[in-house]
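To start, the structure under review is shown below, and the notes come after it.
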Amino acid sequence: MIKVGLTGGIGSGKTTVSNFLLDYGIPVYNSDNQGKTLMNTNLELKNDIISLFGESVYDNGILNTNLLSSIVFKDPKKIEQLNNLVHPKVADNFNQWIGKNNNQPILVKEAAILIESRAYLNMDKIILIVSEKSTRINRVSKRDNSDLESIEKRINLQLTDNEKIKYADYIIENNSSLGHLKLEVIKVIKKLRKSTKD
């Protein structure tokens, strides 16, 4: 079994690539979604977040993600504090997920900040999705109804594609059609499957 990290900046197309991988029978662990779930269900984590950011970030026990985002994205130190709480819980959850899926030849972990968080060190291979900044901004704007300033702030908190490339085993360019993207994903899947047999 090989563990594959899937990463790329905001708006690069990670979810679309994950869906293609799932279509081809490869299990994908979505770190961002699991992190949000854990922030709502893990009592220890909830208490730590309340201690750090105040009770107002939860409405009737449910995380107010918009409020929390508005707090942390203004201050890199606060993002770091939040990540230091959430990432260990996600890492434990991911290890449990691996245990349940250890009969699979390829397991993928999708994470926006796989490299920044150093989670890439636990992966056997890294897939990086790259996309032009203007295309990414356009995608996020349509997806989240976010304004340009907040999108650029989030982009600037992540490493650039050029900084991430040195960590990648496979690079998928996502600047054109879905059909082209799918073909690129299929090429990578073939290489991954071959590597499990070598």
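Cβ contacts < 8 Å: first residue closer than 18 Å to N84 by Cβ, restricted to the stretch 33-62; second residue hydroxyl-bearing (S, T, Y) and surrounded by 11 or more Cβ atoms within 10 Å (Cβ to Cβ), any location; separation 6+ or different chain. Result?
K36/T65; K46/Y58; I49/Y58; I50/Y58
For the list (1) surrounded by 12 or more Cβ atoms within 10 Å (Cβ to Cβ); (2) of a type in the set (S, T, Y); (3) modelled with pLDDT under 90, I need the number of the one condition that Y167 fails.
If we test Y167 against (1) surrounded by 12 or more Cβ atoms within 10 Å (Cβ to Cβ); (2) of a type in the set (S, T, Y); (3) modelled with pLDDT under 90, just (3) comes out false.
Tell me the helices (runs of 4 or more DSSP H) entirely within the stretch 104-170 that contain at least 2 residues that are more than 17 Å from F73 (Cβ to Cβ) and without any contact (Cβ under 8 Å) to a residue 40 or more places away in the chain. Spell out the reasoning first.
Numbers: elements: 133-144, 148-157, 161-165.
Result: 133-144, 161-165.
Which is among the aliphatic types (A, V, I, L, M) and either under 12 Å from the mean Cα position of the chain (by Cα) or assigned to a loop (DSSP other than H, G, I, E, B) (or both), of I10, I79, I49?
On the way: I79 fails: either under 12 Å from the mean Cα position of the chain (by Cα) or assigned to a loop (DSSP other than H, G, I, E, B) (or both); I49 fails: either under 12 Å from the mean Cα position of the chain (by Cα) or assigned to a loop (DSSP other than H, G, I, E, B) (or both).
Of the residues listed, the single one that is among the aliphatic types (A, V, I, L, M) and either under 12 Å from the mean Cα position of the chain (by Cα) or assigned to a loop (DSSP other than H, G, I, E, B) (or both) is I10.
Just for the stretch 23-37: of the residues that are surrounded by fewer than 18 Cβ atoms within 10 Å (Cβ to Cβ) and part of a helix (DSSP H, G or I), which one is nearest to the chain's Cα centre (by Cα)?
Filtering first and then ranking leaves D32.
The values are calculated or read from the model by the stated rules, or taken from the named source; none is laboratory data. The shown structure was predicted, so the numbers you read here are calculated from the model rather than taken from an experiment. Counting neighbours? That spans all protein chains shown, and the Cβs are built from the backbone with ideal geometry, glycine included.
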